[in-house]
Structures are given as C-alpha cells and as structure tokens.
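Presented below is the structure to which this report refers.
None of the figures in this text is laboratory data; all of them are computed from the coordinates on show. Bear in mind that the values here come from a model prediction, so they are computed numbers and not experimental data. Note: ideal-geometry Cβ built from the backbone for every residue, glycine included; neighbour counts use all protein chains shown.
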Amino acid sequence: MGTLKLMKILVCILFYSLCFSQSTRIIYEYTFKIDSLNRQNKMKEIMFLDISKEGSNFYSYPKYMYDSLKNAQIKRSTSLRLKEYNFSNIQDKSKVKFFIKKSYPDYKIFQTDQIGEKDYVIKKTNDLSWKILPDKKSIKGFVTQKATANFGGRDWIAWFTTEIPFQDGPYCFHGLPGLILSVEDTNNDHIFNIMGIKKDFMTYDEKNNNTIIITEKKFNQLWNEYKKDPSASIKGLFLNSRVQGSVSWNGEELKESDIIRNLEKRAKQEIKANNNFIELNLYR
C-alpha cells in the first residue's frame, strides 16, 4: 500500500472518530408551501439536525428558542416560589411543529407531531429505497452525488456527500453513504438545504410526558376524525366539566356554544389552508 493512500485512510479514520466523539449540528433551511392552491406563498424555517453517537434529533430552531425561554421562565418562577407561570411575554414563532428522533445504528424513527393541540409520537415504518445516480455537483465546497427515492407519497431528489460520514439527513431521510446536504420533492413544495455545520452547542431533546406512541395508520385515522369534527375535544372538555357559563373576551361575553363555534371555524380554516403536507400518505 502506498504512503499517500495510507495517509488518506488514516485521515478519514481520524475525522470519523472525531465526528462521533462529540455532537455535531447540521443547520438546514427548510422552504415549504403549506397550501397547494396558493403555491406562490413560500414559508421558511431554520432547522437543526443534532447528531451524536446514539442518534439524531431534527427540529425547528424557533421552536427550540420558545421551549428554552418557557423552561427558563418555569425555573425562575419555581425559584421565586411563585404559584403561577407567566408566559405572556413569550411567543411561539415556529411554523414547524414536528420533531424527528432517529436511533443508531438501527435507524428507528419516532416522529412527534400534532393533531389540533394534541401531540402524538408516530413510530415510523418506512424504509427508504434509494437509487444512486452518477450525477455530481458541489454544495458548500463538498462534492455531492445525486440520489432519488419515493417517500410519503412524493418523489424526492437528494444530494449527499461521502466527505461527511453520517448516513443521515433532514427530516426522516437517511440511508445514503454520507450526509444528505440537500433534498427536495419533484414539485418543489418541500426543500431542505444545508446552511452550515456547528460543533459547540447546547443539546436539545423534546420532553413531553403526555405524548402517545401510535402507528402511522392510527395517526391517519385520528387525523381524519379530527377533520370531520375539529372541536370534538373542546366539546368533550365542556361536557366532562359539567360547567355551564360564559367567558368574557375583548369586552364581549361568549357562551359555551359561541366558544365551540369560533374554535371550530378557526380549525376548519386552518385545515383548509394547510393541505400540502410533507408526507401526503399520513394525511390522505
């Protein structure tokens, strides 16, 4: 074996060991269109992929900031022995609510997502079957190669690099012989592009003791039930509380029926406008 070839192998081994000796954060820009009937309206969100030896977490940066501020407020109120938490000065500016957790080396995937105001953890069963193509291009100084796959009811094009030895990527994408730097569906509705890489950061893992682990099939069933009657949980809350009365809102007194009707109207408007999901199969 030549000296130069041996040196290249040693450098790769050293880089690989350094990557897994500490956490690595891959920063992506996520561009998406939430309304298929209003495709000119593009939304953007900064997303983090935190990679460690055990696995990875993929989540929204604005959501992380909101949760961090909220937790800091809880700690402050607790230390001052206050009986109430005041979150009036904290605003959740995130547009993306899902949280993706992958475990290594089996790449089991658990996705936290919402239906209405309720969180669920979906145990994903999808196995990505990639077709690697010869096309290559440079992204952020890295040599990348093209790959295609069908996932979630969409056809996807990804660009990965073997120069960064993580078989991972944004959202649920993984399984290529290197890090996915860019991936988008063929309709250009959902696009993830790498922005940078960071080493020193505070780790974040979403904690929610009230989440329920369900299958993709069950999530789809719950979603269709919610579409038919988005105010069902609110109706149940009033029914179980056995409280009859009214609420004052902006100087106007609202009865129980008014509250339910307003919440249902708002939910239906949101369902109508948010129809272009990243995984069409989950919401069919």
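So the values come out like this:
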| quantity | calculated |
| --- | --- |
| P(r) of the range 132-195 over all Cα-Cα pairs, binned every 5 Å from zero, in whole percent | 4, 20, 33, 27, 12, 3, 0 |
| Interchain or long-range residues, amide H under 5 Å from residue 130's placed H | none |
| For the range 100-219, alpha-carbon Rg and Dmax in angstrom | 15.6, 46 |
| Label-zone membership for the range 170-196, site residue 95, 7 angstrom Cα→C-beta point, backbone N under 12 Å | 190-191 |
| Listed residue pairs exceeding 18 Å between alpha carbons, taken from 33/97; 44/97; 93/123; 33/95; 53/131 | 93/123; 53/131 |
| Segment residue 36-residue 138, length gained on full extension (0.36 nm per residue, minus Cα span) | 33.6 nm |
| For a label point 7 Å along the Cα-to-beta-carbon line of residue 217, residues of the range 107-144 with backbone N under 13 Å | 125 |
| Within-15-Å neighbourhood charge of residue 24 [Cβ basis; K, R +1; D, E -1] | +1 |
| Amide hydrogen neighbours beyond the local backbone of residue 139, cut-off 5 Å, H modeled | 144 |
